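Below you'll find the structure, written out as structure tokens, and then a few comments.
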Amino acid sequence: MQLSIGKNIQNKRKAMGLTQEQLATAIGVSVAAVSKWETGGAYPDITLLAPIARLLDVSVDHLLGFEPQLSKDEVMDLCGQCAKLFEAAEYEKAVSFMEQNVREYPNSDFLKFRMGYVLMMHTPCAPSEKEAARLLSRAEALMREAAESGDIAVREGALQSLSALLTQQERYEEALEVLDGIHCSEIEPDQMRVSIYYAMGNYEKAKQTAQKLLAAHSFGCSIALDTLAKAAKQKKDYPLALRMVRLNLQLSEMFDRNRIYGQDLNPHLMIAQYYAEQKQERETLDALKDFLKCAQMPADPAAVKASPFFDSIELSQATPNKSYLNYCALEMVRQNSAFAFLSGNSEYQEILAALEQLPE
């Protein structure tokens, strides 16, 4: 770990209007020594830390850049940096960055939870199947550690992500067992809070709580409709499967969730796949064009804030950058065997070409 002490000394010295010579004279060292500290060429002797801190009117911890714990915003910033390294094909740097920060803040359960999530979401960036398995194993270990947190929000968030990871690995019994650790109540407190806040005249808090409820339940309905569509498809009941997916798209449009980049990619792909499995060429191509149109949306996470349904709450966590999402959108189509019958179709090739050239 590289200490930021030199930069901290320089910033505080300049803020106080001191020259390097004045600082050097005050603590009994050469100007050259101060210069080396500030340029990162050397560190001050440990016996000088207290005198320097007193002169600059800061604590030794501040001088060293020591932070006992990270804030949630700082954790999310670190996770964002790690995600960008993965998405820039800097795989080894990303893994090293993650491990360095987890070691530096071993008591931050929130950091472990969020870094585990980053690893899970970026397994496609791994250079081999062996590395992908190693990444998932590390993600699982971090999430299991976070699931022991005394912070209920961190603990239950980690358990939820861990269950998703285990499901991804087809470890279904373990995934269900993990979910048993999440406390569920027959009464949802926010359903009562929203009315109480309104009765109190706290309309802003009532609005925020109502929007949180709407976001949670509309997302739950999306998952339910998605599952019902897949269940119908398993029975080859394609009309019912398509009905469920289209209802999901209507729900998305109704509550402005379609303004979030990528929100409707999966439903459009499901429609295309269901038509493809029936070898309905025209309908498959039209659905893939809708998928392409959705993928061409600008990556503007703030766009949904214009919605009256969600304008006072934070809807989602950090999103991968657009180039990585573009790559995923292309692979969702290109790797889907259901579309193989279209390989000689010029319209299909045009769709693939457009997906390859999605705007950043």
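Sub-9 Å Cβ pairs linking a first residue in segment 130-147 that is among the charged types (D, E, K, R) to a second residue that is outside any helix (DSSP H, G or I), at least 6 apart or interchain, are 134/126; 140/169, ordered by first then second residue.
Go through segment 54-83 and give me each residue that's of a type in the set (Gly, Ala, Ser) and in contact with a Ser or Thr (Cβ under 6 Å, 6 or more places away or on another chain). Residue satisfying the conditions is 65 alone.
Listed by position, the helices (runs of 4 or more DSSP H) inside segment 252-360 whose residues that are in contact with an Asp or Glu (Cβ under 7 Å, 6 or more places away or on another chain), under 22 Å from residue 89 (Cβ atoms) and at pLDDT 85 or above number at least 1 are 322-334. Among the residues of segment 20-37, those identified as at negative phi and over 44 Å from the mean Cα position of the chain (by Cα) are 21, 22, 23, 24, 25, 26, 27, 29, 30, 31, 32. Taking first residues from segment 252-273 that are within 17 Å of residue 215 (Cβ to Cβ) and partners that are part of a helix (DSSP H, G or I) and among the charged types (D, E, K, R), the Cβ contacts under 9 Å between residues at least 6 apart in sequence or on separate chains come to 261/322; 263/257; 264/253; 264/257; 264/290.
Here is the figure for segment 53-104: residues that are among the aliphatic types (A, V, I, L, M), in contact (Cβ under 8 Å) with a residue 60 or more places away in the chain and farther than 26 Å from residue 14 by Cβ total 2. Can you pull out the residues in segment 197-215 that are among the hydrophobic types (A, V, I, L, M, F, W, C), surrounded by 12 or more Cβ atoms within 10 Å (Cβ to Cβ) and either modelled with pLDDT of 95 or more or farther than 10 Å from residue 255 by Cβ (or both)? Within segment 197-215, 206, 210, 213 meet the criteria.
The values are calculated or read from the model by the stated rules, or taken from the named source; none is laboratory data. This one's a predicted model, so the numbers in the text were calculated from it and none came from an experiment. Because the Cβ atoms are built from the backbone with ideal geometry, glycine has one as well, and the counts that use them run over all protein chains shown.
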